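Below: the structure, in structure tokens.
The values are calculated or read from the model by the stated rules, or taken from the named source; none is laboratory data. In this text the structure is predicted, and so the values were computed from the model without any measurement. For the accessible areas, the whole protein counts, side chains as well, though only heavy atoms, and no ligand, DNA or RNA atoms are used. Shrake-Rupley method; radii C 1.70, N 1.55, O 1.52, S 1.80 Å.
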Amino acid sequence: MFESLSDPMRSLLSRVAFLAAGALLGLGLYALGAGGALVVPLAVVGALVIGELYLFAAAETA
């Protein structure tokens, strides 16, 4: 299904997936008491940065 999407839609879906993964990671860390309320936005930003680097590297090899 993912291959049938256009390039902009695939890119958007990848970014939303990284955003959701970062939010889930941050909420999980917050629930475990690994940090204060600041851990959620930091995890989201971290996941977005890693995601952008991954997408950049994947585009360079294609």
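Not counting ligands, DNA or RNA, and with a 1.4 Å probe, what is residue 16's accessible surface area in Å² rounded to the nearest 10?
Around 80 Å² of this residue is reachable by solvent.
Of the residues 19, 42, 32, which exhibits the maximal mean-square fluctuation in a Gaussian network model of the chain defined by a 10 Å Cα contact cut-off?
Of 19, 42, 32, the most mobile in the Gaussian network model is 32.
Per DSSP helix of 4 or more residues, -39500 (n - 2.57); summed, then divided by the residues of the chain. What does that give at 222 nm, rounded to the nearest 500? Could you put the intermediate results ahead of the total?
On the way: 2 runs with 49 residues, N = 62.
Estimated from H runs of four or more residues: -28000 deg cm²/dmol.
Give me the accessible area per residue for the chain, probe 1.4 Å, as a whole number in Å².
Values: 4530 Å² over 62 residues.
Here the per-residue accessible area is 73 Å².
Once the Cα atoms of helix 39-61 and of the chain are each reduced to a long axis, what angle between those two axes, in degrees from 0 to 90 to the nearest 10, is obtained?
Result, in degrees: 20.
In square nanometres and to one decimal, what's the mean projected area of the convex hull around the Cα atoms of the chain? Spell out each step's value before the answer.
Values: hull surface 18.8 nm².
One quarter of the hull surface, i.e. the mean projection, equals 4.7 nm².
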